[in-house]
Amino acid sequence: MSDKQIASKAPITQDVMTLPRKEPVGGKINLVGLTRTQMREALITHGTAEKQAKMRVGQIWQWIYQWGKRDFADMTNLAKAYRAQLEEHFEIRIPEVVSKQVSTDGTRKYLVRINGGHEVEVVYIPEDDRGTLCISSQVGCTLTCSFCHTGTQKLVRNLTAAEVVGQVMMARDDLDEWPVPGTRKDDTSRKLSNIVLMGMGEPLYNFENVRDAMKIAMDPEGISFSRRRITLSTSGVVPEIARTAEEIGCLLAISFHATTNDVRDILVPINKRWDIEQLLQSLADYPKVSNSERITFEYVMLAGVNDSDEDAHRLVDHIKRYKIPAKINLIPFNEWPGSPYKRSSNNRIRAFSDIVHDAGYASPVRKTRGDDIMAACGQLKSATERARKSRKQIEAEAATPKL
Ligand code: SAH
Ligand code: SF4
């Protein structure tokens, strides 16, 4: 796309305040969220001998991410004096749980507090054969998808890598899932077996922190999630999709939601910046680079807006045209107070699903979980961040060109 074309489209921007990650908080540097290289540098800066640093990182890493320890005193394979030295400069800190609600269906919704007193939501969904944790990447969101509750909340800031991986660590604490040193649980028996980046925020507008956090979650000497058990959901930040394939390699879900640019411009306004064709091309390229399987197309069912038989056929045509290995996840719209849309009827959803299925694609309808505690997709919104985006602010954001 030429610059002129870009300029002619309303650019989507973000207004992000990211906390400097390596800045000591409360005087100490948080070791959580640092890559191995960053941890090594931090240790050397604060007195660890250079030739020992790699080994020390390995030891500390295991205590933090494999055994879930937060206290240097527990790190029994380190000399006492060295532990005291670590204690002086570093801390091991994850977001603090402010509240926890448990739904009648077992879904758990946590509200966690991050630096600066902001809060984000994390949801744990137990199923027969898996347990999925839905984590957040931003407080609020710069984008303004018209059906999404988070989209009505202005972006406060990006989460740091510590805060992203810290949500996983928090859930393992709550599920009592840290293995006892000397043992190792296999993947299938894990209560927390899958991670989805489908909570608050647009993960690809916080790329580096999300990447570093997921790399930590995948590290085999630690939490050791397979990259096939992590799904990143994006509204369609096209340039970052290729980077996700190269630098993270996890599964990808795309908030597709509409089959024409006119409708998608309204439902998912980032479409004005990167339209359906550009998006489909980036999706066609994704599996080759990431060596992953199918891409999940998320499609929220909105009565009378995007749920016709024609839409279903067009959706299939798009996917076929680009030969994208795909599964289509139909999401019954979760209404929220003041939401401008209604959920499609069950019959309509079934008819839509049948068309997609008959065309050769899996088209499961997502079960709504945690309804009684407002834990469903797109309903997440922190209780303390009620600030609604004003129309003026949305316009200002849309008018400022992105880098
Ligand atoms: N920003 C990312 C990830 C967070 S949203 C994205 O947009 O993909 C996670 C999923 O929930 C997305 O598919 C989103 O479109 C969907 N969603 C948002 N609001 C919803 C609602 N009210 N009902 C159903 N799904 C919703
Ligand atoms: Fe942001 Fe995703 Fe909600 Fe759109 S659907 S406003 S990108 S969180």
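Derivation of every value follows stated rules applied to the coordinates shown; laboratory data play no part. The shown structure was predicted, so the numbers you read here are calculated from the model rather than taken from an experiment. Here Cβ is always computed from backbone atoms with ideal geometry, including for glycine, and neighbour counts include all displayed protein chains.
Between region 112-135 and region 194-211, how many Å separate their Cα centres? Value for the Cα centre distance between the two parts: 12 Å. Under 5 Å between amide hydrogens, built in the peptide plane, is the criterion, and for Leu155 it picks out Cys141 among residues at least 5 positions away or on other chains.
Distance distribution P(r), region 99-145, all Cα-Cα pairs, bin width 10 angstrom from 0: 24, 44, 27, 5 percent.
Hull volume per residue, based on the alpha-carbon atoms of region 200-338 and their convex hull, is 116 Å³. With the convex hull drawn around the C-alpha atoms of region 254-333, the volume per residue stands at 84 Å³. A Stokes-Einstein calculation at 10 °C with viscosity 1.306 mPa s, built on the Kirkwood radius of region 229-275 over Cα pairs, returns a diffusion coefficient of 141 µm²/s. For region 240-255 versus region 26-59, the spacing of their alpha-carbon centroids is 29 Å.
As a rough guide to protection, the peptides 251-263, 152-164, 338-350 ranked by mean Cβ packing within 10 Å, highest first, stand as 152-164, 251-263, 338-350. Amide H contacts for Leu252 (H built 1.01 Å from N in the peptide plane; partners 5 or more residues away or on another chain; cut-off under 5 Å): Leu232, Thr296. Amide hydrogen proximity for Ala326: with H placed 1.01 Å from N in the peptide plane, the residues at 5 or more positions away or on another chain lying under 5 Å are Ile295.
Of the GluC sites (Glu not before Pro) found in region 204-281, those that fall in a DSSP loop while having at most 14 other beta-carbon atoms within 10 Å are Glu221. Cross-link list Lys191/Lys342; Lys327/Lys367; Lys342/Lys367; Lys109/Lys191: which exceed 27 angstrom alpha carbon to alpha carbon? Over 27 Å Cα-Cα: Lys191/Lys342. For region 78-129, GluC sites (Glu not before Pro) are listed when DSSP marks them as loop and at most 14 other Cβ atoms sit within 10 Å of their Cβ; the list is Glu127.
The alpha-carbon of Lys28 sits under 12 angstrom from the alpha-carbons of these aspartates and glutamates, leaving out residues fewer than 8 places away in its chain: Glu87, Glu88, Glu91.
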